[in-house]
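Participant: Here it is, the structure, as structure tokens.
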Amino acid sequence: KPLVFSGVQPTGNLHLGNYLGAIKKFVALQETSDCIYCVVDLHSLTAQLVHADLQDQTRSITAAFLASGIDPKKHIVFNQSRVMQHAELAWIFNCVARIGWMNRMTQFKDKAGKDRENASLGLLAYPSLMAADILLYRATHVPVGEDQKQHLELTRDIAQKFNNDFSARIAELGVGVEIQVGEETVNGFFPMTEPLIGGPAARIMSLRDGSKKMSKSDPSDLSRINLTDDADTISKKIKKAKTDPDALPSEVDGLAGRPEAENLVGIYAGLADIGKEAVLGQFGGQQFSVFKPALADLAVDKLAPVAAEMRRISADHAYVDGVLRDGGERAGNLAETTMKTVRDIVGLLQG
Ligand code: TYM
């Protein structure tokens, strides 16, 4: 059975990009896979160390998982900092990965900005902790939005270098498994994790600028639809979304060079669980004055029940904390099993 891992940072409001690009996929994968979904609170310290409400943000992401339909009994939901093995494996990966690999990460360059010398060391090492999240459970599949693609490639590079650097120890201890690296099969400890990126909603763009991704950190609240927005706010934001003056095309090819139109069609497709072709089959030839109200109705229809459920669940601290505690315990057991072997492979003295 595939083992799925993914994480969401507890910083800022969840928006439609997080929901369609990630959380909706998390929900669907429960049918076919064993899933571990993590609120990555340690990652949220990398850009900003002091948070006024980290605990409530952690509860709110957890509530979003549960409200969307993730089942914490069949699968595992927890917050990262409860399982200290994440930080431990990240340290080992810090010694496997090269500074040059980290320096090349576009997200690091974006977040660090011009004053790179003054960015936290944690921000530079962020992808190493992310690789540890995934490989601690030897996850085979990771559902994410398009913006995490480079980090997942780095995760594979780290796994491959670890397997390679320690190949003799892995063979000696007999803890290797067959791992496919391109055309070759090698004996290694960590798998080559497959990213699950794709569908019409892998990269949802800002409603104000079709060249920027929808993000928690955009100063304009009109640029995104938050999971907690009420029906009026959702309708207003879609009405105000930037578009071009033309009618929608009938074919997907006709969206080329029209990023705002393509984005709204992608959002409709993601919400309705259909392809962009099907959306254009229905709305091709129509003006935005027709399409936007239909999109607003669909968004309210799909998001309002999630938002209401999220509010109800996040108010119940005892329940949410209980879910995280239980998930943390189960994740911790799996993590410790991996780490025992990793410590042996690396040659640390235990016992
Ligand atoms: P984060 O918290 O920024 O985002 C959570 C998820 O939402 C996706 N996403 C989007 N998808 C489509 N369109 C958008 N505009 C959009 N914006 C965000 C992200 O791709 C992500 O899947 N580094 C990760 C968290 C992380 C993680 C992990 C993920 C830590 N460890 C291990 C997977 C596996 C992050 O910052 O996501």
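The values are calculated or read from the model by the stated rules, or taken from the named source; none is laboratory data. Fair warning: this is a prediction, and the values are worked out from it, not measured in the lab. Using ideal geometry, Cβ is built from the backbone for each residue, glycine included, and neighbour counts are taken over all protein chains shown.
Participant: Would you mind stating whether residue 216 is within 15 Å of the ligand (Cβ to nearest atom) and either over 16 Å from the mean Cα position of the chain (by Cα) or not assigned by TED's automatic domain parsing to the domain that holds residue 10 (or both)? Steps first, please.
Facilitator: Values: within 15 Å of the ligand (Cβ to nearest atom): yes; either over 16 Å from the mean Cα position of the chain (by Cα) or not assigned by TED's automatic domain parsing to the domain that holds residue 10 (or both): yes.
Spelling it out, residue 216 is indeed within 15 Å of the ligand (Cβ to nearest atom) and either over 16 Å from the mean Cα position of the chain (by Cα) or not assigned by TED's automatic domain parsing to the domain that holds residue 10 (or both).
Participant: What pairs can you find where one residue is in segment 1-27 and touching a residue at least 40 places away in the same chain (Cβ under 8 Å) and within 26 Å of residue 272 (Cα to Cα), the other is among the β-branched types (Val, Ile, Thr) and assigned to a helix (DSSP H, G or I), and their Cβ atoms are less than 6 Å apart, with a gap of 6+ or different chains?
Facilitator: Final answer for the pair search is 5/134; 8/61.
Participant: While we're here: Go through the residues of segment 222-230 one by one and say whether even a single one is within 12 Å of the ligand (Cβ to nearest atom) and closer than 29 Å to residue 136 by Cα.
Facilitator: The initial filter retains those residues of segment 222-230 that are within 12 Å of the ligand (Cβ to nearest atom), namely 223-225, 227.
Checking which are closer than 29 Å to residue 136 by Cα leaves us with none.
No, segment 222-230 contains no residue that is within 12 Å of the ligand (Cβ to nearest atom) and closer than 29 Å to residue 136 by Cα.
Participant: So which of 65, 93 ends up being within 25 Å of residue 216 (Cα to Cα), in contact (Cβ under 8 Å) with a residue 40 or more places away in the chain and aromatic (Phe, Trp, Tyr)?
Facilitator: So the residue among 65, 93 that is within 25 Å of residue 216 (Cα to Cα), in contact (Cβ under 8 Å) with a residue 40 or more places away in the chain and aromatic (Phe, Trp, Tyr) is 65.
Participant: Where in segment 30-147 are there helices (runs of 4 or more DSSP H), lying fully within it, with 1 or more residues that are assigned by TED's automatic domain parsing to the domain that holds residue 7, within 13 Å of the ligand (Cβ to nearest atom) and hydrophobic (A, V, I, L, M, F, W, C)? Write out each step before concluding.
Facilitator: On the way: elements: 54-68, 85-96, 99-103, 106-112, 121-135.
Per the criteria, 54-68, 85-96, 106-112, 121-135.
Participant: Would you be able to say whether some residue in segment 47-57 is β-branched (Val, Ile, Thr) and either touching a strand residue (DSSP E or B) at 6+ places or on another chain (Cβ under 8 Å) or touching a residue at least 60 places away in the same chain (Cβ under 8 Å) (or both)?
Facilitator: No, because not a single residue in segment 47-57 is β-branched (Val, Ile, Thr) and either touching a strand residue (DSSP E or B) at 6+ places or on another chain (Cβ under 8 Å) or touching a residue at least 60 places away in the same chain (Cβ under 8 Å) (or both).
Participant: Moving to a separate point now. Within segment 239-267, track down each residue that is in contact (Cβ under 8 Å) with a residue 12 or more places away in the chain and among the hydrophobic types (A, V, I, L, M, F, W, C). First the steps, then the outcome.
Facilitator: Of segment 239-267, the ones in contact (Cβ under 8 Å) with a residue 12 or more places away in the chain are 239-244, 246-252, 254-255, 258-267.
Of everything in segment 239-267, those that are in contact (Cβ under 8 Å) with a residue 12 or more places away in the chain and among the hydrophobic types (A, V, I, L, M, F, W, C) turn out to be 241, 247, 248, 252, 255, 261, 264, 265, 267.
Participant: Could you check residue 58 against (1) within 30 Å of residue 344 (Cβ to Cβ); (2) surrounded by 21 or more Cβ atoms within 10 Å (Cβ to Cβ) and say which number it fails?
Facilitator: Unmet condition: (1).
Participant: Going by what's in this entry, would residue 242 be described as within 15 Å of the ligand (Cβ to nearest atom) and either assigned by TED's automatic domain parsing to the domain that holds residue 131 or within 20 Å of residue 295 (Cα to Cα) (or both)?
Facilitator: No, not satisfied.
Participant: Next up: Condition first: of a type in the set (D, E, K, R), without any contact (Cβ under 8 Å) to a residue 24 or more places away in the chain and crowded, with 18+ Cβ neighbours inside 10 Å. Now tell me which residues in segment 195-238 satisfy that.
Facilitator: Listed by number, the list holds a single entry, 218.
Participant: Let me ask something else. What are the residue pairs meeting all of these: first residue in segment 305-316, first residue surrounded by 13 or more Cβ atoms within 10 Å (Cβ to Cβ) and at pLDDT below 95, second residue part of a helix (DSSP H, G or I) and of a type in the set (Val, Ile, Thr), Cβ atoms under 9 Å, and 6 or more apart or on different chains?
Facilitator: Going by the 9 Å Cβ cut-off, the qualifying pairs are 314/62; 314/320.
Yes/no per residue for (1) within 25 Å of residue 335 (Cα to Cα); (2) aromatic (Phe, Trp, Tyr); (3) within 17 Å of the chain's Cα centre (by Cα):
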residue	(1), (2), (3)
48	no, no, no
65	yes, yes, yes
72	yes, no, no
80	yes, no, yes
106	no, no, yes
109	no, no, no
120	no, no, no
133	yes, no, yes
141	yes, no, yes
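Participant: Quick check, is residue 173 aliphatic (A, V, I, L, M) and more than 26 Å from the chain's Cα centre (by Cα)? Reasoning before the result, please.
Facilitator: On the way: aliphatic (A, V, I, L, M): yes; more than 26 Å from the chain's Cα centre (by Cα): yes.
Yes: the conditions hold for residue 173.
Participant: Something else now. Give the residues of segment 157-194 that are assigned to a loop (DSSP other than H, G, I, E, B) and surrounded by 18 or more Cβ atoms within 10 Å (Cβ to Cβ), sorted by residue number.
Facilitator: Of all residues in segment 157-194, those assigned to a loop (DSSP other than H, G, I, E, B) come to 166, 174-176, 182-183, 189-193.
Those that are assigned to a loop (DSSP other than H, G, I, E, B) and surrounded by 18 or more Cβ atoms within 10 Å (Cβ to Cβ): 166, 176, 189, 190, 191, 193.
Participant: Among the residues of segment 317-325, is there at least one that is of a type in the set (D, E, K, R), in contact with a strand residue (DSSP E or B) (Cβ under 6 Å, 6 or more places away or on another chain) and touching a residue at least 12 places away in the same chain (Cβ under 8 Å)?
Facilitator: no
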